[in-house]
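Presented below is the structure to which this report refers.
Just so you know, all these numbers are worked out from the coordinates, no wet-lab data involved. Small disclaimer: the values here were computed from a predicted structure and weren't measured. All Cβ positions, even for glycine, are placed from backbone atoms using ideal geometry, and neighbour counts span all protein chains on display.
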Amino acid sequence: MKQTMKTLLIPIVCSALLGFASASQAADAKANYKTHCASCHGNDGKAKTRAGRIAGAKDLTVKAYQDLFTDEQMVQRLKDGVIDKGKEKMKPFKEKLSDDELKSLVAFVRKFAK
Ligand code: HEC
């Protein structure tokens, strides 16, 4: 009897913990986006901000634009930044955000185009 309780409880507790972890990761991505990205890309991803216009950021809600890069390429761009004709358009974030944070940001950014 005791044994069956344990085998029943372990998966329940584990999935509850996993659910909690992924929810807090999504919250991190949202907060990181607000802090590091929204100034140019806008809260809605449309880049309709002053800084976004000056930098030349594009509308991330357009699926055809997002189809131009893979998740891996996006992570790489975020790490290294975007430099065009010797001019820095987007800063590199590799010092500021971890690989995991960048990956959750990619998932967050993908949602704009859905
Ligand atoms: C200083 C303004 C600025 C900030 C801050 C900024 N970006 Fe960008 N971002 C740009 C510009 C400009 C481009 C390049 C647009 C182009 O020419 O394709 C770009 C491109 C991108 C792309 C397309 C990448 C590709 O492979 O072409 C993604 C995705 C992106 N930014 C996400 C983010 C995220 C996530 C953050 C926050 C961690 C962020 N950006 C912060 C200006 C900015």
Qualifying lysines (Cα of each under 16 Å from Cα of Lys63; at least 8 residues distant if same chain): Lys46, Lys111, Lys114
In the stretch 51-105, chymotrypsin sites (Phe, Trp or Tyr not before Pro) in a DSSP loop with at most 13 other beta-carbon atoms within 10 Å: Phe69
Sparse-neighbour loop sites [GluC sites (Glu not before Pro); the stretch 43-101; at most 13 other C-beta within 10 Å; DSSP]: Glu95
All aspartates and glutamates inside 15 Å of Lys79 as judged from Cα atoms, apart from same-chain residues fewer than 8 positions distant: Asp71, Glu88, Glu95, Asp99, Asp100, Glu101
